[in-house]
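What follows is a short report on a single structure.
The values are calculated or read from the model by the stated rules, or taken from the named source; none is laboratory data. On a predicted model such as this, the values are computed, not experimentally measured, just so you know. Please note: Cβ atoms are built from the backbone with ideal geometry, for glycine as well, and neighbour counts cover all protein chains shown. Note: areas computed on protein heavy atoms with side chains; ligands, DNA, RNA excluded. Shrake-Rupley method; radii C 1.70, N 1.55, O 1.52, S 1.80 Å.
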Amino acid sequence: MIGLCARHILSVYGAVQKISRPARRKAQKSPCAGLRGVACGARLCYHGYIASHKNALSRPGQGGTGPRAVFRREKRRNGGNDMSEAGAQSAAAPRKKRVFSGIQPTGVFTLGNYVGAVRNWPKLQDEYECIYSVVDEHAITVRQDPAALRRQTRETAALLLASGISPEKSVVFVQSHVPAHAQLSWVLSCFCPFGDLTRMHQFKEKSAKHPEDINGGLLTYPILMAADILLYQTDLVPIGIDQKQHLELARNIAQRFNGVYSPTFTMPDGYIPQVGAKVMSLQEPEKKMSKSDANENAVVRMLDTPDAILRKFKRAVTDSDGCVRAGADKPGVTNLMSIYGVLTGKSFADIEREFDGRGYGEFKQAVAQTVVDALRPIQQEYARLLADRGYLDGVLAEGAVRAGAIARRTLAKVYKKIGFLQL
Ligand code: TYM
């Protein structure tokens, strides 16, 4: 298996962790180490937990695919004890490096979520042990309709699978199905200064947006996110740039805890794409494209029809100069170029050449058609998965069992270190 190519990622915190030791030493001497990946061609080959679970997942039509059946089967496999850690990697077996990421089930996710994060998740699943979560606990910092939250949680999971995440390779689960997230979050909150939380950009933005409900969860949300990441001894976190500050906080908390006790948590690195890490609103290109934008023309959603996508791009705000060129003075055009570039693999220079002398009309049409073509197979697979609720729930139930086994191990370690009585 081949390490990640530096040209394709910007690993914010020392991509050197992803590569072999001699290459790492060499990289650490470079002044750029820690900012640029240097892993082209580096070998990573581990065999662990995921491999041992290959083919363990029930498929539609094989019977016993309901969530309860999966729980019962896992319980039998674990010797009747659903708190057992059987199924987690054995102590002796070396494990693949681990990836964790999450997405909130607060509606159909956007092209921004896809381009900035989710698109990268399936790419990592052969090389890493990947754990992906639908983070419903995070979603309730803003009031949610209970029935809608339940429905959107399933839909988000289906959309992740349709985007290429294979439950045979990756663990996919719902955050609230693994109680260790909330449990570790409490412990970590005692290792996080209050001031660090009030400094978070998202706290400031969200509390300005919802002045009527600035609840404690909005403030402590990054601690829960730290718990998500640290529970799994995560090496790499594929996210968009808006989550970078939260990841930094998770690293600070880990460092503090490790310093007070002994090394307990793995230090996670960010995996943030060089292009597309922040897809902007189509109507206000200085603002991030956001699921909750009230202006539907500003947001492309994963389940939008081709007509809606073509219309939204046609109306996208650009500028009056008519030239397809990237630059800080052209946020609208640069945003469209980023989307087009990520989905076609073309560089900005290629795109400028391709549309030299052609107007914005043709350019917008090409971007829209590329998005339609990229989303079509995902939308088809999504419809198929959503129609098979037994299978989907089975995937999530098995995911929770597998995630829970890993999470409980870390939690037990933490409880022991801080001095909680164990009987
Ligand atoms: P969420 O649900 O807001 O977004 C999910 C992922 O999509 C990325 N993203 C974007 N990327 C590019 N352009 C955009 N316009 C854009 N909008 C969103 C986000 O950066 C994110 O990677 N707190 C997280 C969820 C979370 C999490 C975690 C992530 C909870 N625990 C642990 C990683 C690890 C969130 O609200 O993401």
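A compact table of results
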{"item": "Where Asn295 falls short, out of the listed (1) open to solvent by 10 Å² or more (accessible area, probe 1.4 Å); (2) within 26 Å of Trp121 (Cα to Cα); (3) of a type outside the set (A, V, I, L, M)", "result": "(2)"}
{"item": "Residue list for the stretch 110-126, filter: open to solvent by 10 Å² or more (accessible area, probe 1.4 Å) and within 7 Å of the ligand (Cβ to nearest atom)", "result": "Gly112, Asn113, Ala117"}
{"item": "Any hit, the stretch 127-138, residues being surrounded by fewer than 22 Cβ atoms within 10 Å (Cβ to Cβ), free of Cβ contacts under 8 Å to residues at least 60 places away in the same chain and within 12 Å of the ligand (Cβ to nearest atom)", "result": "yes"}
{"item": "Those residues of the stretch 260-283 which are open to solvent by 60 Å² or more (accessible area, probe 1.4 Å), more than 12 Å from the ligand (Cβ to nearest atom) and out of contact with any Leu (no Cβ under 8 Å at 6 or more places or on another chain), in sequence order", "result": "Val260, Tyr261, Pro263"}
{"item": "Given (1) farther than 30 Å from Ile339 by Cβ; (2) touching a Pro at 6+ places or on another chain (Cβ under 8 Å); (3) surrounded by fewer than 22 Cβ atoms within 10 Å (Cβ to Cβ), number of the condition Ala254 does not satisfy", "result": "(3)"}
{"item": "Number of the condition not met by Leu310 [criteria: (1) in contact (Cβ under 8 Å) with a residue 60 or more places away in the chain; (2) near the ligand (Cβ under 8 Å from one of its atoms)]", "result": "(2)"}
{"item": "Lone unmet requirement of (1) away from the ligand (no atom under 16 Å from the Cβ); (2) open to solvent by 30 Å² or more (accessible area, probe 1.4 Å); (3) assigned to a helix (DSSP H, G or I) for Asp321", "result": "(3)"}
{"item": "Qualifying position, being in contact with a Pro (Cβ under 7 Å, 6 or more places away or on another chain), in contact (Cβ under 8 Å) with a residue 60 or more places away in the chain and either near the ligand (Cβ under 8 Å from one of its atoms) or farther than 24 Å from Tyr114 by Cα (or both), among Ile229, Ile241", "result": "Ile229"}
{"item": "Residue among Phe191, Phe203 that is open to solvent by 10 Å² or more (accessible area, probe 1.4 Å) and within 21 Å of Asn258 (Cβ to Cβ)", "result": "Phe191"}
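Residue by residue, here is whether (1) of a type in the set (Ser, Thr, Tyr); (2) surrounded by 16 or more Cβ atoms within 10 Å (Cβ to Cβ) holds:
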position: Ala208; (1), (2): no, no
position: Pro211; (1), (2): no, no
position: Tyr221; (1), (2): yes, yes
position: Leu224; (1), (2): no, yes
position: Asp228; (1), (2): no, yes
position: Tyr232; (1), (2): yes, yes
position: Leu236; (1), (2): no, yes
position: Ile241; (1), (2): no, yes
position: Lys244; (1), (2): no, yes
